[in-house]
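Read through the structure below, which is laid out as structure tokens, and then see the notes.
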Amino acid sequence: MNFYAIRAIYLFEMARTWRTLLQSIVSPVISTSLYFVVFGAAIGSRISEINGVSYGAFIVPGLIMLSLLTQSISNASFGIYFPKFVGTIYELLSAPVSYLEIVVAYVGAAATKSTLLGLIILATASLFVPLHIEHPVWMVAFLLLTAITFSLFGFIIGIWAGNFEQLQLVPLLVVTPLTFLGGAFYSIDMLPPLWQKVSLFNPVVYLVSGFRWSFFGISDVNIGISLGMTLVFLAICLVTIWWIFRTGWRIKA
């Protein structure tokens with residue numbers, strides 16, 4: 001394992017975050033705070049509690065997960081797409097760096113940035129509502145697992161995208177709507193029986209439910225199933241990336 005190469009790529013990606021601090025960190029935190037204020041004030045005044053948890057606190061895991069998913073995908077997809085766009089990816093592929101080291105560096109940097117953002121949003125939310133995390137170890141585990149999984153997914157999108165429009169297509173038209181419909185701001189138990197069953201086909205439901213369980217000990221889906229579904233998606237992403245580098249799809253063309 002070439003740790004020097006991993007460190008070089010990782011630090012380069014992290015340096016880009018510090019150069020664009022306003023866009024990378026401040027903007028998502030402000031957007032999430034506005035979500036919290038609007039939803040917490042408008043809906044919270046009509047829904048006092050959900051499963052014994054105040055509505056303001058109930059939506060915190062959903063807000064963190066919303067930012068975590070979108071930022072993980074965005075950071076990883078742009079990180080690998082930009083070298084493709086400017087042509088420097090060929091220098092990277094010809095360097096004495098393995099495919100595994102490339103993935104570890106880019107995905108590691110994207111996961112680090114999104115995890116840091118998630119923790120900042122958690123600290124910001126604690127200024128609005130009192131929070132008590134029942135399972136802090138599981139909370140960190142879900143945070144890291146989700147960040148890594150969707151950073152891998154974003155890496156795949158970055159390889160697939162042929163232009164900047166395609167780069168934003170999946171996060172805006174697929175991931176964000178699925179997050180809103182995945183119980184980020186409500187419990188799926190509040191839905192009619194038919195829509196409860198339909199919601200179970202939404203993979204984000206399992207992520208939000210498991211993450212919420214780590215906070216309050218309540219979930220819409222069994223915690224074991226939530227963890228299992230996340231690991232399955234992680235495995236799918238890993239296999240897909242292995243196939244991409246094995247075949248050179250969208251990289252060597």
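So which residues in region 177-196 are in a helix (DSSP H, G or I) and in contact with a helix residue (DSSP H, G or I) (Cβ under 6 Å, 6 or more places away or on another chain), if there are any at all? Explain how you work it out, then say what you get.
Within region 177-196, the first condition is being in a helix (DSSP H, G or I), and the residues that meet it are 177-180, 188-190, 193-196.
Residues satisfying the conditions are Leu178, Thr179, Ile188, Gln196.
Would you please list the contacts, defined by Cβ atoms under 6 Å and residues six or more apart or on different chains, that run from a residue in region 73-91 that is under 15 Å from Val103 (Cα atoms) and modelled with pLDDT of 90 or more to a residue that is not aromatic (Phe, Trp, Tyr) and not in a helix (DSSP H, G or I)?
Qualifying pairs under 6 Å: Tyr81/Ala161.
Under 8 Å between Cβ atoms, which residue pairs at least 6 apart in sequence (or on different chains) link something in region 32-51 that is in a loop (DSSP other than H, G, I, E, B) and modelled with pLDDT under 75 with a partner that is crowded, with 18+ Cβ neighbours inside 10 Å and of a type in the set (Gly, Ala, Ser)?
From residues that are in a loop (DSSP other than H, G, I, E, B) and modelled with pLDDT under 75, the pairs are Gly44/Gly56.
Residues in region 225-243: is at least one among the small types (Gly, Ala, Ser), buried (at least 20 other Cβ atoms within 10 Å of the Cβ) and at pLDDT 90 or above? It would help to see each step written out before you state the result.
As a first pass, look at region 225-243 and keep what is among the small types (Gly, Ala, Ser): 226, 228, 235.
If we keep only those that are buried (at least 20 other Cβ atoms within 10 Å of the Cβ) as well, we get 226.
Filter once more, so that each one left must be at pLDDT 90 or above: 226.
Taking every residue of region 225-243 in turn, at least one turns out to be among the small types (Gly, Ala, Ser), buried (at least 20 other Cβ atoms within 10 Å of the Cβ) and at pLDDT 90 or above.
Output the number of the condition that Val129 fails; it satisfies all remaining conditions of (1) in a loop (DSSP other than H, G, I, E, B); (2) within 20 Å of Arg16 (Cα to Cα); (3) not aromatic (Phe, Trp, Tyr).
Unmet condition: (2).
Using the structure shown, decide if Leu152 is part of a helix (DSSP H, G or I), surrounded by 22 or more Cβ atoms within 10 Å (Cβ to Cβ) and hydrophobic (A, V, I, L, M, F, W, C).
Details: part of a helix (DSSP H, G or I): yes; surrounded by 22 or more Cβ atoms within 10 Å (Cβ to Cβ): yes; hydrophobic (A, V, I, L, M, F, W, C): yes.
When the stated conditions are applied, Leu152 passes them.
Check Glu134 against each of (1) farther than 22 Å from Leu227 by Cα; (2) touching a residue at least 12 places away in the same chain (Cβ under 8 Å); (3) outside any helix (DSSP H, G or I) and name the one condition it does not meet.
Among (1) farther than 22 Å from Leu227 by Cα; (2) touching a residue at least 12 places away in the same chain (Cβ under 8 Å); (3) outside any helix (DSSP H, G or I), the lone unmet condition for Glu134 is (1).
Of all the residues that make up region 10-31, how many are assigned to a helix (DSSP H, G or I) and either of a type outside the set (A, V, I, L, M, F, W, C) or surrounded by 14 or more Cβ atoms within 10 Å (Cβ to Cβ) (or both)?
Within region 10-31, the subset assigned to a helix (DSSP H, G or I) is 10-19, 21-31.
In the following step, the residues that additionally are either of a type outside the set (A, V, I, L, M, F, W, C) or surrounded by 14 or more Cβ atoms within 10 Å (Cβ to Cβ) (or both) were identified as 10, 13-14, 16-17, 19, 23-25, 27-29, 31.
Counting residues in region 10-31 that are assigned to a helix (DSSP H, G or I) and either of a type outside the set (A, V, I, L, M, F, W, C) or surrounded by 14 or more Cβ atoms within 10 Å (Cβ to Cβ) (or both) gives 13.
Can you pull out every residue in region 74-100 that is over 25 Å from Thr149 (Cα atoms) and in a helix (DSSP H, G or I)?
First, the residues of region 74-100 that are over 25 Å from Thr149 (Cα atoms): 86-88, 90-91, 94-96.
The answer is Val86, Tyr90, Glu91, Ser94.
Just the residues that are outside any loop (DSSP other than H, G, I, E, B) and either closer than 11 Å to Pro203 by Cα or out of contact with any strand residue (DSSP E or B) (no Cβ under 9 Å at 6 or more places or on another chain) (or both), please, taken from region 216-230. Spell out how you get there, then give the answer.
Let us first name the residues in region 216-230 that are outside any loop (DSSP other than H, G, I, E, B), namely 216, 223-230.
Ile223, Gly224, Ile225, Ser226, Leu227, Gly228, Met229, Thr230 - these are the residues of region 216-230 that are outside any loop (DSSP other than H, G, I, E, B) and either closer than 11 Å to Pro203 by Cα or out of contact with any strand residue (DSSP E or B) (no Cβ under 9 Å at 6 or more places or on another chain) (or both).
Criterion first (modelled with pLDDT under 95, in contact with a Gly (Cβ under 6 Å, 6 or more places away or on another chain) and not charged (D, E, K, R)) does Val129 satisfy it?
yes
The values are calculated or read from the model by the stated rules, or taken from the named source; none is laboratory data. Everything numeric here is computed off the predicted structure, so don't read it as measured data. Please note: Cβ atoms are built from the backbone with ideal geometry, for glycine as well, and neighbour counts cover all protein chains shown.
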